[in-house]
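The values are calculated or read from the model by the stated rules, or taken from the named source; none is laboratory data. From a predicted model like this one, the values you see are computed outputs, not experimental measurements. Glycine gets a Cβ as well: all are built from the backbone with ideal geometry, and neighbour counts include every protein chain shown.
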Amino acid sequence: MAKAVKLADIATQLGVSTVTVSKALSGQKGVSEAMREKIKELADEMGYKQPSAIKREKVQKSYNIGVLVSEKYLGEYDSFYWKMYQSVSTKAVQKECFTLLEVISLDSEAKQMLPKMVLEERVDGLIIVGRLGTEYLAALHKGTSTPMVYLDFYDEREMSDSVISNSYYGSYLLTNYLFDMGHENIAYVGSLLCSTSITDRYFGYARSMMEHGKAVPDEWVIPDRDMEFGKVDVEIDYNGFEKKPTAFVCNCDLTASKVVKRLKEQGIRVPEDVSVTGFDNYLYPGLCDVEITSYEVDVKEMSRKAVHILLRKIEDSRYQKGIAIIDGRMVVKDSVNRIVD
């Protein structure tokens, strides 16, 4: 990289002071017109740029950021990932960047067809919102050198640049809260290994159970979605449990709303009879008539961090690679009741 030209370099060439050069270039008095012209000509020849001009160039530099999301995350209800995309777009605009959204169809994902924005080289970097298949991610990395960041998931098979919520600790806090409210028979609802976040949330739950000396029977780990397409649905036969749970830790608020519905169909009230917690603190209005205690994901900070990391990758290959974990907060609502002896 060429060394930046300084006022002193121009002054040395012409045998004048840096003050004289500064006055000439800024249009101040105290310099003859002949000398002013010489200084300006030499400055142009040497490629001198005033600090204010350099600053303007940096501020005005912008990039096109592509955002990829699988169609399986954009279901019939207003998606949590749609909210996340909107937040990414807002943060990108604040950085003078533009975003382009492309939804990856299940067919494209299965056939490992690269996004059009990548094939047409329309973006400078990619943010992938929500887990895409391992084979698809591998094909994407093989097919393009475009810098990319994963948002709300990470690749468990190799080091990746990712921004995730604190799923493990959030679920751990929620389970501890249920114990504090007198519950001991606590089940987990989420299809393990369907996503890194669902699995991490299970381990947070399992740690709390272990610390309280409670084993987790197989019947207390309840799947909530189709492993291939990700469609959320929960089947619970409450009277069929050998040991009935008094509370359910659900991997997301949508799943929690399904649990509340299934229990209600069986005449079981939430929270009077059974308590339920969710995760994300996000649910499409009208899906549940009970306000769900949850762990709120800090979508704005996750989006800000993802954009920040991607810009660092685009501009500076020396950035620090790895996973950024963003803390949220527990939000207590109406879905948990205290057990009174």
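Quick rundown of the values:
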item	result
Meets criteria (surrounded by fewer than 21 Cβ atoms within 10 Å (Cβ to Cβ) and acidic (Asp, Glu)) for residue 253	no
Residue 235 touching a helix residue (DSSP H, G or I) at 6+ places or on another chain (Cβ under 8 Å) and either assigned to a helix (DSSP H, G or I) or not assigned by TED's automatic domain parsing to the domain that holds residue 72 (or both)	yes
Residue in the range 95-106 that is touching a Lys or Arg at 6+ places or on another chain (Cβ under 8 Å), assigned by TED's automatic domain parsing to the domain that holds residue 151 and part of a loop (DSSP other than H, G, I, E, B) present	yes
Matching option when the condition is over 30 Å from residue 211 (Cβ atoms) and within 19 Å of the chain's Cα centre (by Cα), among 170, 125	125
Residue within the range 316-324 that is touching a Cys at 6+ places or on another chain (Cβ under 9 Å) and either within 23 Å of residue 188 (Cβ to Cβ) or not in a loop (DSSP other than H, G, I, E, B) (or both) present	no
Any hit, the range 299-311, residues being part of a strand (DSSP E or B), surrounded by 14 or more Cβ atoms within 10 Å (Cβ to Cβ) and either under 14 Å from the mean Cα position of the chain (by Cα) or at pLDDT 95 or above (or both)	no
Some residue of the range 45-66 being under 45 Å from the mean Cα position of the chain (by Cα), of a type in the set (A, V, I, L, M) and at pLDDT 90 or above	yes
Members of the range 195-222 found to be surrounded by fewer than 16 Cβ atoms within 10 Å (Cβ to Cβ) and in a loop (DSSP other than H, G, I, E, B), listed by number	212, 213, 215, 216, 217
Filter pass, residue 324 being in contact (Cβ under 8 Å) with a residue 40 or more places away in the chain, of a type in the set (A, V, I, L, M) and closer than 25 Å to residue 129 by Cα	yes
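A quick yes/no check of all residues on (1) more than 17 Å from residue 69 (Cβ to Cβ); (2) surrounded by fewer than 15 Cβ atoms within 10 Å (Cβ to Cβ); (3) at pLDDT 95 or above:
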site: 93; (1), (2), (3): yes, yes, no
site: 112; (1), (2), (3): no, no, no
site: 122; (1), (2), (3): no, yes, no
site: 129; (1), (2), (3): no, no, no
